[in-house]
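> Structure incoming, see below.
Quick note: the coordinates plus some simple rules give every number you see, no bench work behind them. Nothing here was measured: the structure is a model prediction, and the numbers come from that model. Reconstructed Cβ throughout: ideal geometry from the backbone, glycine too, with neighbour counts over all protein chains shown.
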Amino acid sequence: MSPLHFLLLGTLLFGIGLVGVIARRNLFVVYMSIELMLSAVNLLLATFSRIRGDEGGAVLSLLLIAVIAAEAAIFLAMIIALFRAKRSIDAHDFTQLSQEHNA
Amino acid sequence: MSLALLILLPFGSSLLLGMLYLFTSLRSERLYALIGVGAPLLISLIALWLGYGQLQGAESLHVSLFTWLSIDALRIEFALSFDHLSAVMMAFVSVIGTLIHLFAVGYMRGDAGFGKFFAYFNFFMGAMALLVLADNPIILFIGWELVGLASYLLIGFYHRESANVTAANKAFIANRVGDFGFIMALVLLFGAVGEGGFSFSAIEAQIYSVDHALLSLIGVLLFVGAMGKSAQIPLYVWLPDAMAGPTPVSALIHAATMVTAGVYMVARFDFLYVLIPAVGLFIAVIGILSALLSALIATMQSDIKKILAYSTMSQLGYMFVAVGLGAYGAGIFHVFTHAFFKALLFMGVGAVIIALHHEQNIFKMGGLRRFMPLVFYPMLIATLALSGVAPFAGFFSKDAILAAAVASEYPLFGVLGLVVAFLTAYYMMRLLLLVFVAPAKHRHTSLHVSPYLSLPLLPLALGSAVAGFWGMGGAYGGGDALTHFLSLSDYAHHLTHKSEYLLALLSNLIAFAGFALAYRRFASGAREPQPTALFERWILERFYVDALYHALLVVPLRRISLWCERIVDDRFVDGTLGLFSGGYRTLATHFSTLQNGNVRHYALYFLSGVSLLSLLLLWRL
């Protein structure tokens, strides 16, 4: 398998994640899409490391998997906090950033 | 120094009166009258003293108070001069002005604006003094404008009635039209001779170097200014309406200040006009037409003040005939004598109006001779003088003009002048008979005339009787003393004594014919005229000139203004601006929907931004 296949796979995964973030309303799905994008980027990092023949990148991507796991904990905690505030995990219920909803 | 005093005194007292009126609660008429009459009295004394010096052959005075402007070649001194012409003008302006001030004390008694009135009145005197004493055309122009301002303030003095304000505006606007010509003339004149100094004497010294066509243009434009100020065709329409002001104002405007300014200005520029006889002829034609037109209108008026207003315009026409034909001395002579009897007539009329509680229609008056002899006899003298009956003042000055006209290349002016003399005698006697002699329409028990109103008439009556002797022509044993004293660039004309006597006889006969006609028609009273003939109707409607001006100038101007307001401003300007502001608003509304608070959308924007940047990078690399 040439590195090109890995690059294509990474891009594909990233695109799926992107569509998920934009198109889905369930916060969990949005979260999983974000994780997917992150993993896609991680895959690309490992691929580039392999292409360059530099093992440092592979080590970094291994470490990054641990970081992603930690991030998952924070993310899940935030979703629980959001659910407590609104009794909903629908992304459309959280529009406090716009002015008209603040008022 | 005394010259500066002549200017400073009236302006100073005007300022003082104005301050007192505005900032204190002092309303003592005695105080205001004292200051208001004191200032003109003082300047009369100074003017007479200085004038006496000039008579004795003193050098003419030139005082430069300060340099007003100095930009490259433009160097305007605030300079005053007192030569023979200024001496004559200043003497009668100040003396007659003082008498009118005295009269105004009686006339304005009890008016709430008593102090304001005298502030304006003194201001008027100061402006006229500045005009007469100016040593260069710029200073003359300042005086000229201030006179216009003062007349505006005084004509609109009873400003609570909108008709009076309209009249004041009309006077001001008509004068502005004339002033435009005057300014143009000054600019051209300065362009031609300004490099070498701009005082009258400096201009006179350089005038021969100016191109003849340019000189003619300057002459015409200067005269346009005079048309406005001195109420000649076509800018005369303000003068009859100016009667809206209090009667002393009319007296001051018609006798001493304002309207004489135009004649004075032409006489002041005699060195210029003497080089352009064609323009002089134009002036004379305008003058005689104005004289004829206004005399005709005066014969049909029923408002006592308007008759006098048209009479003034007609006499001014005479003066312009004189100065136009080059008889500057005769023109100023008539200004001089006219001031006496016209001031007297206005003041007499003012006394009548006060006595009759502001009745101005002569057809409602009558039989006042018995009640106010102190008004009637002076007015009789003034009427005789105005009609040119020997040996009253008006006779000699009018005779000088007629003689100059007859002896000129255009004796037609003389003939028309005699026609005007006939009309003058007719309308003046008509006024006098209807007011004083004809049987009374109402029963008056007693009419009180305050001594303030009647006493100033007496010196003027004396003046109307004898002032003419000063300029008496050679044919009557005089020596044209006034004309020689003025030493203006008169054209030399020679009438034999015999033809001069003949002319005098003729003009007197014509005056008496006018009297006789008036006597036959009005001595036993008359009704207000109901015009039947077309011509009479034309005269009564003042030849529809006002209506014509209204239709030609006022209505189109109003239309254009309305069009500008409704179409240009409302639709065009506001519309364009509305397009901008409305478009911005719509755009902003659309943009604001982008900021909807939905994080997923923000992510989309963010990603599209990143994608675009990436594409850009790819493309550039």
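> Using Cα centres only, tell me the gap between region B:315-380 and region B:100-167 in whole Å.
20 Å
> Another question about this same structure. Return the distance in nm (one decimal) between the two label points of a simple spin-label model at B:LEU458 and B:VAL177, each offset 7 Å from Cα along Cα→Cβ.
4.5 nm
> Describe numerically, in nm with one decimal, the distance between label points set 7 Å from Cα along Cα→Cβ at A:SER88 and at B:LEU15.
According to this spin-label approximation, the distance is 8.0 nm.
> Keeping to pairs on different chains or 8 or more places apart, tell me how many lysine pairs in chain B have Cα atoms under 18 Å apart.
Number of lysine pairs found: 12.
> Once you wrap a convex hull around the alpha carbon atoms of region B:218-338, what is its projected area averaged over all directions, in nm²?
Seen from a random direction, the Cα hull of region B:218-338 projects 6.4 nm² on average.
> Contour minus end-to-end for B:TYR208 and B:TRP68, with contour as 0.36 nm per residue of separation and end-to-end as the Cα-Cα distance?
47.7 nm
> Using only alpha carbon pairs under 8 Å that are at least six residues apart, calculate the relative contact order of region B:123-208 and give it in whole percent.
Value for region B:123-208: 24 percent.
> Could you go through region B:507-518 in sequence order and give the Karplus-derived ³J(HN,Hα) for each residue, using 6.51 cos²θ - 1.76 cosθ + 1.60 with θ = phi - 60°, rounded to whole Hz, and x for Gly and Pro?
Ordered by residue, 3J(HN,Hα) equals 5, 5, 4, 5, 4, 5, 4, x, 4, 4, 4, 4 Hz.
> Would you look at the GNM of chain A, springs on alpha carbons closer than 10 Å, and say which of A:ALA69, A:ALA46, A:ALA58 moves the most?
Maximum fluctuation in the GNM of chain A, among the listed residues, is at A:ALA69.
> Let me ask something else about it. Along the principal axes of its C-alpha atoms, what lengths does the protein assembly as shown span, in descending order and rounded to whole Å?
143, 66, 55
> To the nearest 10 degrees, how steep is helix B:29-55 against the longest Cα principal axis of chain B, on a 0 to 90 scale?
70 degrees
> Which length gain, in nm to one decimal place, applies between B:THR496 and B:LEU612 when the Cα-Cα distance is subtracted from 0.36 nm times their residue separation?
Gain on stretching B:THR496 to B:LEU612: 30.8 nm.
> Sequence gap at least 6, Cα distance under 8 Å: using those rules, report the relative contact order of region A:3-90 to the nearest whole percent.
Computed value for region A:3-90: 27 percent relative contact order.
> Also, quick follow-up: Per-residue HN-Hα couplings for region B:56-63, Karplus 6.51 cos²θ - 1.76 cosθ + 1.60 at θ = phi - 60°, whole Hz, x for Gly and Pro?
6, x, 5, 4, 6, 8, 10, 10
> How high is the relative contact order of chain B? Use alpha-carbon pairs under 8 Å, at least six apart in sequence, and give a whole percent.
12 percent
> So how long is each side of chain A along the principal axes, counting just the alpha-carbon atoms, biggest first, in Å?
55, 24, 21
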